[in-house]
Amino acid sequence: MLKLGKILKPFGMKGEVKIASESEFLSARLAIGKTVQTADHKELKVASFRHHHGVALVRFEGIESMDDAEKLRDVELLVDEASIPPLKDGFYLFELVGMQVYDQNGYLGEVIEASKAAQTLLRIQGKEKVILVPYVPAFVKSVSREEKKILIESIEGLV
């Protein structure tokens, strides 16, 4: 199971909740009629989805009031990895986690997190410290799903 996001808090009086997304395709994953799971294995079926001021707002079937929505505060939403179609080009961020990273001098470490803020960053647990590498062509030279391996080009000060 992959973490899709986390319910932050209720929004309004009719059972909507704010979602903090950890998915690259949140609107597809939370389309009306789709089902997601909670960490305690409960299923929630999406009744409505919309964006409001840059925040995802969702209402689930059976959640009709602010009181109902409050019970979902801080609940993590999960989706089955097998339900996610593979990309023709590129990689989902979750696919990069766990890959071994090498540069022209040898092994650097393992990707422990891949996140997207202003740009996508790889957080690599090295031998002595955590290394942040921008996921851009200037640094990332190749990625192999089969070998679970990433080859980067280091510059002075990067590692």
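Could you please report the charge total around Lys141, scoring K, R as +1 and D, E as -1 over all other residues with beta-carbon less than 15 angstrom from its beta-carbon? For residues surrounding Lys141, the net value is -2. Relative contact order of the range 2-83, taken over Cα pairs closer than 8 Å and 6 or more residues apart, is 42 percent. When the Cα positions of Ala56, Val136, Val111 are compared along the charge dipole of the chain, Ala56 comes out farthest toward the positive end, with charges on each C-beta of Lys, Arg, Asp and Glu. Counting only residues at least eight positions apart within a chain, or on another chain, the lysines with an alpha carbon under 24 Å from that of Lys3 are Lys18, Lys34, Lys42, Lys45, Lys71, Lys88, Lys116, Lys148, Lys149.
Structural descriptor for the range 93-152: relative contact order 30 percent, calculated from alpha carbon pairs under 8 angstrom and at least 6 residues apart. Ordered by the count of other Cβ atoms within 10 Å of each Cβ, fewest first, Ser27, Ser21 give Ser27, Ser21.
Of the labelled options (1) 17.9, 49; (2) 14.7, 47; (3) 18.7, 58, which one gives Rg and Dmax of the Cα atoms in Å as computed for this structure? Of the listed options (1) 17.9, 49; (2) 14.7, 47; (3) 18.7, 58, (3) comes from this structure.
Structural descriptor for the chain: relative contact order 18 percent, calculated from alpha carbon pairs under 8 angstrom and at least 6 residues apart. Compactness check for the range 2-83: Cα Rg over 2.2 N^0.38 Å is 0.96. For the pair the range 39-67 and the range 102-151, the centres of their Cα atoms are 34 angstrom apart. Based on alpha carbons, the Rg and Dmax found for the range 93-152 are 10.4, 29 Å. Each Lys or Arg adds one and each Asp or Glu subtracts one; over the other residues with Cβ under 13 Å from the Cβ of Thr35, this totals +1.
Placing +1 on the Cβ of every Lys and Arg and -1 on the Cβ of every Asp and Glu, with nothing else charged, gives the range 2-83 a dipole about its Cα centre of roughly 240 debye.
The numbers here are math on the coordinates, done by the rules we state, and not lab data. A quick note: this is a predicted structure, and the numbers were derived from the prediction, not measured. Don't worry about glycine lacking a Cβ; one is built from the backbone with ideal geometry, like all the others, and counts go over all protein chains shown.
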